[in-house]
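Chemist: Just passing along the structure, written as structure tokens.
The values are calculated or read from the model by the stated rules, or taken from the named source; none is laboratory data. Keep in mind it's a predicted model, so treat the numbers as computed, not measured. Note that we place each Cβ from the backbone using ideal geometry, even for glycine, and neighbour counts take in every protein chain shown. Only protein heavy atoms, including side chains, enter the accessible area calculation; ligands, DNA and RNA are left aside. Shrake-Rupley method; radii C 1.70, N 1.55, O 1.52, S 1.80 Å.
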Amino acid sequence: MSQPARTPFVAALADAPLPASGIAWLDQARRENLDAFADAGLPDTRVEAWKYTALRALSQRSFAAGDAQAASRPVDPAALALPGIDGPVLVFVNGAFRADLSALDALPAGLSLQPLSRALAEDAEPLRFALSRHFREPGDAFARLNSAFANDGAVLRVAAGTRVATPLRLLFVGAAADQDVSWHVRNHVELGEGAELILIEQYLDAGAQAHLGTQLAGITLRADAILHHTVLQQEGTGSSLVRRSHYRLDARAQAHLHVLELGGALARHDLWAELMGDAAAFHTHGAFLPDGRQHMDTQLAIHHRARDTVSSSTWRGVASGRGRGVFRGAILVAAGADGADASLGNKNLLLSAQAEIDTKPELEIYADEVKAAHGATVGQLDERALFYLRSRGIPGAQARTLLTTAFARAPFESLPHEALRQHIDQLLLSRLPA
């Protein structure tokens, strides 16, 4: 049977030279993942995971594999600052580590943070299991691409019993280049038993660019570990960003995730969580705000695989202009996960007649004594609430802004860091239509 004709997207990357590591098992895994990508190409809307996100336009574009000058691209350090947040920061520009923009001095005891490129050069063996993985599902094209080309990223480890009070930042910047490039980062995060960390993950742009970025992250929480993880996605309006984050939680571990999606022409985030240990807890809170012709797609899958596990998810979508949002929230309670408590809610606002949000909650239960609930809504602002505010003398436009801002802000009320919460408030106020 003949292979389908290659699109410009597949042809450009399938024939690109792979980064040579000099590590036999890694070079082999990269080649096998690239070959699988070349054979299968990009998924179409017949693949269930991509049903509401068509890649036809992307498939007709071509990207250079990597940015040879990324280490020297000019970036204003002041533009990377986060008000009220100091501490270690690891910066990547078009997928390449930038020591000149990073701050890795005086790391707290028990915290190890280094770029993947350095970790591979010093001792690659601890990363062998993660980096040798093959992706075999029909919708795994971008994971295959990442596994083939990612030569950098963050390797973060917190020793058992270590509680890091200062927030740590991972910052990924898209900078203007001579041509559209694809950049790829691979992150590995591990918290030891009883460890605690505040992690802030940011995506920014430095100048007009229309690159493709991919990210794969493996995040492991050992018993009794606690992770406060905030993701702020503000990529350039012409860029495409596809990410996959895989959490694994052992007994009594807790992950608190807050996500704000603002940027990108196409922004896709696959969030997977496996609650493997008894009494593990995974809490997600997020908002996505597509505007113009932006397309934002969040795929959330939470698997309860142990007793007395807990998950809660609160997500809000606000679409304006011709923006389109997609949200799929899937909860699986596996056999043996008795006593699980799972809840998921997704509420969405449409601010224009051309905006669209597709939401799909899913729930599968194969255990006993389970408490579970899920639901989703798509609509417009409550006219009764608008009438109430206007009857108190508030002009109509201002009343709409107040209600919309309060709606989008709700998932971040549980964020414990005050400076970060204020920063998100400012981002929402600057983004929502006046």
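Chemist: Are there any pairs, at least 6 apart or on different chains, whose C-beta atoms fall under 8 Å, with the first in the stretch 359-378 and at negative phi and of a type in the set (A, V, I, L, M, F, W, C) and the second at pLDDT 90 or above and open to solvent by 70 Å² or more (accessible area, probe 1.4 Å), and if so, which?
Modeler: 367/335; 372/365; 376/347
Chemist: Tally the residues that are in a strand (DSSP E or B) and crowded, with 21+ Cβ neighbours inside 10 Å, restricting the search to the stretch 304-323. Explain how you work it out, then say what you get.
Modeler: Within the stretch 304-323, the first condition is being in a strand (DSSP E or B), and the residues that meet it are 304, 310-319.
After this cut, where a residue has to be crowded, with 21+ Cβ neighbours inside 10 Å as well, the list is 304, 311, 313, 315-319.
Result for the stretch 304-323: 8.
Chemist: Just a yes or no: is a residue in the stretch 247-254 touching a residue at least 40 places away in the same chain (Cβ under 8 Å) and closer than 26 Å to residue 98 by Cβ?
Modeler: No, the conditions are met nowhere in the stretch 247-254.
Chemist: Could you check residue 213 against (1) surrounded by fewer than 22 Cβ atoms within 10 Å (Cβ to Cβ); (2) in a strand (DSSP E or B) and say which number it fails?
Modeler: Status for residue 213: all satisfied but (1).
Chemist: Next question. Can you give me the number of residues within the stretch 33-53 that are in a helix (DSSP H, G or I), among the charged types (D, E, K, R) and within 25 Å of the chain's Cα centre (by Cα)?
Modeler: Quick first cut of the stretch 33-53, residues in a helix (DSSP H, G or I) only: 33-40, 48-50.
Right, trim to among the charged types (D, E, K, R) and you get 35, 39, 48.
Those left that are additionally within 25 Å of the chain's Cα centre (by Cα): 48.
So the answer is 1.
Chemist: Out of all the residues in the stretch 351-378, which are in a strand (DSSP E or B), out of contact with any Ser or Thr (no Cβ under 8 Å at 6 or more places or on another chain), closer than 28 Å to residue 402 by Cα and among the hydrophobic types (A, V, I, L, M, F, W, C)?
Modeler: Hit for the stretch 351-378 is 357, nothing else.
Chemist: Next up: Taking the stretch 282-297 on its own, how many of its residues are within 30 Å of residue 194 (Cα to Cα) and open to solvent by 10 Å² or more (accessible area, probe 1.4 Å)? Before you say what the answer is, go through the steps one by one.
Modeler: Here is the first cut: in the stretch 282-297, the ones within 30 Å of residue 194 (Cα to Cα) are 282-287.
Add one more test, that the residue is open to solvent by 10 Å² or more (accessible area, probe 1.4 Å), and what stays is 283, 285.
Residues in the stretch 282-297 being within 30 Å of residue 194 (Cα to Cα) and open to solvent by 10 Å² or more (accessible area, probe 1.4 Å): 2 in total.
Let's see how each residue does on (1) open to solvent by 10 Å² or more (accessible area, probe 1.4 Å); (2) touching a residue at least 60 places away in the same chain (Cβ under 8 Å); (3) farther than 30 Å from residue 167 by Cβ:
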position	(1), (2), (3)
13	no, yes, yes
21	yes, yes, yes
54	yes, no, yes
72	yes, no, no
77	yes, no, no
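Chemist: Can you tell me which residues in the stretch 411-434 are part of a helix (DSSP H, G or I), charged (D, E, K, R) and under 21 Å from the mean Cα position of the chain (by Cα)?
Modeler: If the condition is that a residue be part of a helix (DSSP H, G or I), charged (D, E, K, R) and under 21 Å from the mean Cα position of the chain (by Cα), then 421, 425, 431 are the ones that fit.
Chemist: How about the stretch 168-182: which of its residues are open to solvent by less than 10 Å² (accessible area, probe 1.4 Å) and not β-branched (Val, Ile, Thr)?
Modeler: Let us first name the residues in the stretch 168-182 that are open to solvent by less than 10 Å² (accessible area, probe 1.4 Å), namely 168, 170-175, 181-182.
Once the filter is applied, which keeps residues that are open to solvent by less than 10 Å² (accessible area, probe 1.4 Å) and not β-branched (Val, Ile, Thr), the stretch 168-182 yields 168, 170, 171, 172, 174, 175, 182.
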